[in-house]
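Q: Before I ask anything, let me first share the structure, which is written out below as structure tokens.
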Amino acid sequence: MRILLSTWGWRSHFYGLVPLGWALQAAGHEVRVASHPALVPAITAAGLAAVPLGTDVDFATAFAGRIGAVGALDRATDDTPDDTVEPAITADGGVVRFADALLDDLVGFGRSWRPDLMVWEPFNLAAAVAAAVLDVPGVRHLWGPDSSVTLRLDPEPVLGPLAGRFGLAAADVDLAGVLTLDPVPPPMQVPATGPTRPVRYVPYNGPAVLPTWLHHPADRPRVCVTAGTMMAGAGLDDRLDLPRVVRAVAGLDVEVVVLVEPAQQAALRPLPGNVRLVDSPLALRLVLPTCAALVQQGGAGTTMTALGLGVPQLVLPQVSDQHFNAERLAVTGAGTWLPDARTADDDTLRALVGGLIADGPWRAAAALMRDRVHAMPTPAEVVPALVDLAAGTRS
């Protein structure tokens, strides 16, 4: 069987598809990953075959002034209307720009290669339209809690022009595909619409090197602090005073490991003696098993990686989907969050992290959620169902 995975925008969007790509490939199926040329290094580094299509779109430019318009203060005061449209997915938003740059080549490649199944991640408008044009069954693979339930997407202005290129209407395009693969266990996930199948979240955070200091347990509780990859890439890393957060956490009797993008490292120096700033490839999946707690920005990949490893979390969200992820994490009891970290003093930050590393309810809930993640079917166990789906739809 031929499976075409499609990803857009940013490498963390692709990371959630990698374990399924491995499972499909290991089962003997032909797997290709179609995306913008800039994502080719990330795709090939994961051991999957990349198909560069369309043109690149600068992430920061596409989403400047748009992403996260519904933010902490709006949510905290309930001033956001129920029908708010996230600017990133309006007809002139960044998500549409990425789709516009990819769609024509994606359809062209699909007509030539003729996949039996297409798989994409959330808000990948080009893949959903291409699946409709090619009449190929499509599967949406969530990367975390489904934040789309908080948004109202107007199909006609957003999807209509894309589908219209190929003689289709917006109503002919199903962004959720015929099946959604959901890696989020209850009670963290929101109710799904349409057919859904659970799949275990297997963390992949890019290429990694295991350093010698991780060969042995830490001498004291280890706390990981990270700001993810998207905020710096979108030019939004100034929304969180990360140096202050690091120094506040370092005031505890802990070892602090800081994972940030290279461009963010200079602003953190000088550092307290109990802070280790990582400057080599070190994926979260390697360091978190040695950690007593995680302090992070609320990205889906970061949140799900810690959830699957049973690490209690403090989330300091900066944009709308991060607030949503933080809210869903808090429902599980496996962590907590601050709606606006800018108003939290150092003592508050230290008290919360101190509570996370203690042997208390947050740690017990994190262990419970880890067990629930591990009880879900692996990507390899989901492959036969995808094969049957493709065969049944074709017949």
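Q: Say we join alpha carbon atoms closer than 10 Å with springs in a Gaussian network model of the chain; which of Arg276, Arg363, Arg140 then has the biggest fluctuation?
A: Answer for the Gaussian network model of the chain: Arg276.
Q: Still on this structure, I have one more. Give me the accessible area per residue for the stretch 238-395, probe 1.4 Å, as a whole number in Å².
A: 39
Q: A further question follows. Under a 1.4 angstrom probe, counting protein chains only, how are Leu168, Leu294, Leu338 ranked by accessible area, largest first?
A: Numbers: Leu168 50, Leu294 0, Leu338 30 Å².
These residues rank, largest area first, as Leu168, Leu338, Leu294.
Q: Would you rank Glu121, Glu381 by solvent-accessible area, highest first, keeping every protein chain in place and using a 1.4 Å probe?
A: Correct descending sequence by accessible area is Glu381, Glu121.
Q: Is the shape of the stretch 91-172 rounded, prolate or oblate, going by the alpha carbon gyration tensor and its root eigenvalues a ≥ b ≥ c, with a/c under 1.5 for rounded and a/b larger than b/c for prolate?
A: oblate
Q: I'd like to know which of Pro281, Leu338, Val295 lies farthest towards the positive end of the charge dipole of the stretch 270-356, counting +1 on Cβ of Lys and Arg and -1 on Cβ of Asp and Glu.
A: The residue sitting most towards the positive pole is Pro281.
Q: Take Asp345 and His215, extend 7 Å from each Cα along the Cα→Cβ direction, and tell me the distance between the two endpoints in nm.
A: 4.5
Q: Next question, about the same structure. Charges only on Cβ, +1 for Lys and Arg, -1 for Asp and Glu: so what's the dipole of the stretch 119-237 about the Cα centre, in debye to the nearest 20?
A: For this selection, approximately 400 debye.
Q: Over the stretch 143-236, with the other protein chains present, what is the accessible area per residue in square angstrom, probe 1.4 angstrom? Walk me through the numbers before you get to the answer.
A: Working: 4230 Å² over 94 residues.
I get 45 Å² per residue for the stretch 143-236.
Q: Okay, moving on. Using modelled backbone amide H atoms (1.01 Å from N, in-plane), which distant-in-sequence or interchain residues come within less than 5 Å of Gly335's amide H?
A: Gln313
Q: Find how much the distance from Ala171 to Ala375 grows on full extension, using 0.36 nm per residue of separation minus their present alpha carbon separation; answer in nm with one decimal.
A: The Ala171-Ala375 span can extend by a further 69.8 nm.
Q: Mind listing the phi-derived Karplus ³J(HN,Hα) values for the stretch 109-119, rounded to whole Hz, using 6.51, -1.76 and 1.60 with θ = phi - 60°, and x for any glycine or proline?
A: Calculated HN-Hα couplings, in order: 5, x, 5, 7, 7, 6, x, 8, 7, 10, 10 Hz.
Q: So what's the angle, to the nearest 10 degrees on a 0 to 90 scale, between helix 300-309 and the longest Cα principal axis of the chain?
A: Result, in degrees: 60.
Q: With a 1.4 Å probe and all protein chains kept in place, how do Ser280, Ser112 rank by accessible area, largest first?
A: Descending order: Ser112, Ser280.
Q: With axes computed from alpha carbons, what is the tilt in degrees of helix 125-134 against the longest principal axis of the chain, rounded to the nearest 10 within 0 to 90?
A: Helix 125-134 and the main axis of the chain meet at about 30 degrees.
Q: Now for a separate question. Quantify, in whole percent, the carbon and sulfur part of the accessible surface of the chain (1.4 Å probe; protein heavy atoms only).
A: 54
Q: Could you tell me which of rounded, prolate or oblate describes the chain, using a ≥ b ≥ c as the square roots of the eigenvalues of the alpha-carbon gyration tensor, with rounded for a/c under 1.5 and, failing that, prolate when a/b is larger than b/c and oblate otherwise?
A: Taking the square roots of the gyration eigenvalues as a ≥ b ≥ c, the chain is prolate.
Q: Could you tell me the calculated FRET efficiency between Arg111 and Val40, based on Cβ-Cβ distance and R0 = 25 angstrom, to the nearest 0.05? Could you put the intermediate results ahead of the total?
A: Values: r = 22 Å, r/R0 = 0.86.
E between Arg111 and Val40, to the nearest 0.05, is 0.70.
Q: Does the stretch 87-226 come out rounded, prolate or oblate by the C-alpha gyration tensor, with a ≥ b ≥ c the root eigenvalues, rounded set by a/c under 1.5 and, if not, prolate when a/b is larger than b/c and oblate if not? It would help to have the intermediate numbers written out before the result.
A: On the way: a/c = 2.15, a/b = 1.92, b/c = 1.12.
It comes out prolate by the Cα gyration axes.
Q: Let's see if you can work this out: charge +1 on each Lys and Arg Cβ, -1 on each Asp and Glu Cβ, no other charges. What is the dipole magnitude of the chain about its Cα centre, in debye to the nearest 20?
A: It works out to roughly 1060 debye.
Q: List the residues, sorted by chain then number, that are 5 or more residues from Val51 or on another chain and whose placed amide H is less than 5 Å from its amide H.
A: Amide H to amide H, under 5 Å and 5 or more residues apart or across chains, Val51 pairs with Val33, Ala34, Ser35.
Q: Taking only DSSP H segments of four or more residues, each worth -39500 (n - 2.57), what value at 222 nm results for the chain once the sum is divided by all its residues, to the nearest 500 deg cm²/dmol?
A: My calculation for the chain gives -11500 deg cm²/dmol from helical runs alone.
Q: Tell me the angle of helix 361-374 to the major Cα principal axis of the chain, expressed in degrees between 0 and 90 and rounded to the nearest ten.
A: That works out to roughly 30 degrees.
The values are calculated or read from the model by the stated rules, or taken from the named source; none is laboratory data. Because the structure is predicted, anything quoted here is derived from the model rather than measured. Counting neighbours? That spans all protein chains shown, and the Cβs are built from the backbone with ideal geometry, glycine included. The area values use the complete protein model at the heavy-atom level, side chains included, leaving out ligands, DNA and RNA. Shrake-Rupley method; radii C 1.70, N 1.55, O 1.52, S 1.80 Å.
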